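Encoded as structure tokens, the structure appears first; notes follow it.
Coordinate-derived values only; no laboratory data. Computed from a prediction, not measured in an experiment: that's the story for all the values here. Ideal geometry is used to build each Cβ from the backbone, glycine not excepted, and the neighbour counts take in all protein chains shown.
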Ligand code: SF4
Ligand code: SF4
């Protein structure tokens, strides 16, 4: 992939929303995310040169402009064309190719960067395991269907949340046994990992969130850093190398060295780290700045530099993002994904 296209993807990931014409009818399903960096906003997936990026959209304002013309759509910034021809890629639920559900957007924990529990819209209301299994079965008929993914806030305790997720996996596997299922739980006991595997989950993501343990204790006051690492080690034994991933947020004030060391540490355990740029917005800004001071958004260059290090480390440990067919590595909408994007 050409360097300037990767830089453009990084710029889009980090940049603001996309303005669309008021009278324009978007030709695909609109995604309203309840998790991930764009949580809460209406968003579409832009595809260009085999790269994808999910962007929130607005008819009033935006850093970028989508300009439909006869026979195509181009992306502009300040009247300058960035991409001559972009496609709008449909999502199944939340992600292209995936039926990705957030079982519960509320959460008993208080991670300062997390928008999910702060959303006014109750998108996950009424989403029972049975209903999700029905929706997955229907979605699996689509030609572009690849896989299923489940995430959840912690509600009623960690144990009960994992049990709800495991039950959902079981119901899905009864209906669509051939499709890979990825789960993104918070776990604090090895039994929960076994339970999810026994339910039929194929891939698991256990997020360490920050590469710096001091920053972690500030931004995730209810979570246990050492225990998370122990859970990842056990998850690799249970799910296998190349089937366990973990998000590291870039931009919480940590150094590049800390990120590189954490990617290496996880790779030594057989876990593939994903690097997720922090998105500061009106929902999380105050809490983050009170705790950490003013934050500097990572630059495209920092993301590219760290992505190259991530790729080198994964390669040295015989790991690859292409061993996953669910969640963010498969989706590619919010990060630079080594081996897939570059
Ligand atoms: S555990 Fe933290 S990151 Fe996960 S949903 Fe709850 S508040 Fe958000
Ligand atoms: S990359 Fe991950 S967080 Fe972003 S849209 Fe895709 S599945 Fe959601």
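Of 182, 251, 16, which is the most mobile in a GNM of the chain whose springs link Cα atoms less than 10 angstrom apart? In this elastic network of the chain, the residue with the biggest mean-square fluctuation among 182, 251, 16 is 16. Structural descriptor for the chain: relative contact order 17 percent, calculated from alpha carbon pairs under 8 angstrom and at least 6 residues apart. Ranked for footprinting exposure by Cβ neighbours inside 10 Å, fewest first, 323, 128 give 128, 323.
The alpha carbon centroids of the range 130-147 and the range 64-97 are separated by 26 Å.
Here the range 164-233 and the range 289-342 have alpha carbon centers that stand 19 Å from each other. With contributions of -39500 (n - 2.57) from each DSSP H run of at least four residues, the per-residue ellipticity at 222 nm computed over the chain stands at -10500 deg cm²/dmol. Can you give the FRET efficiency to the nearest 0.05 for residue 339 and residue 78, using r as the Cβ-Cβ distance and R₀ = 22 Å? Between residue 339 and residue 78 the formula returns 0.10. Calculate I(q)/I(0) for the range 201-342 by the Debye formula, one identical point scatterer on each C-alpha and no solvent, and give its log10 at q = 0.17, 0.21 Å⁻¹ to two decimals. Once normalised to I(0) and log-transformed, intensities are -0.93, -1.36.
Packing-based ranking of 258-269, 70-81, 43-54 yields 43-54, 258-269, 70-81, ordered from highest to lowest mean Cβ neighbour count within 10 Å. When the chain is treated as a GNM, springs tying every alpha-carbon pair under 10 Å, which of 279, 131, 25 comes out with the largest mean-square fluctuation? Judging by the Gaussian network model, the answer is 25.
Which value in Å is the Kirkwood Rh of the range 73-149 over different Cα pairs? Numbers along the way, then the final one.
Numbers: mean 1/r = 0.0654 Å⁻¹.
Computed over Cα pairs of the range 73-149, the Kirkwood hydrodynamic radius comes out at 15.3 Å.
Using a ≥ b ≥ c from the Cα gyration tensor of the range 3-89 (square roots of the eigenvalues), is it rounded, prolate or oblate, where a/c under 1.5 gives rounded and otherwise the larger of a/b and b/c decides, a/b for prolate? Rounded is the answer for the range 3-89, as its axis ratio a/c remains below 1.5. Using a Debye calculation, one point per C-alpha and no hydration shell, please list log10 I(q)/I(0) for the chain at q = 0.11, 0.13 Å⁻¹ in order. With one equal scatterer per Cα and no solvent, log10 I(q)/I(0) is -0.69, -1.00. If each Cα of the range 148-237 is one equal point scatterer, what is log10 of I(q)/I(0) from the Debye formula at q = 0.11, 0.14 Å⁻¹? Taken in order of the listed q values, log10 I(q)/I(0) reads -0.31, -0.49.
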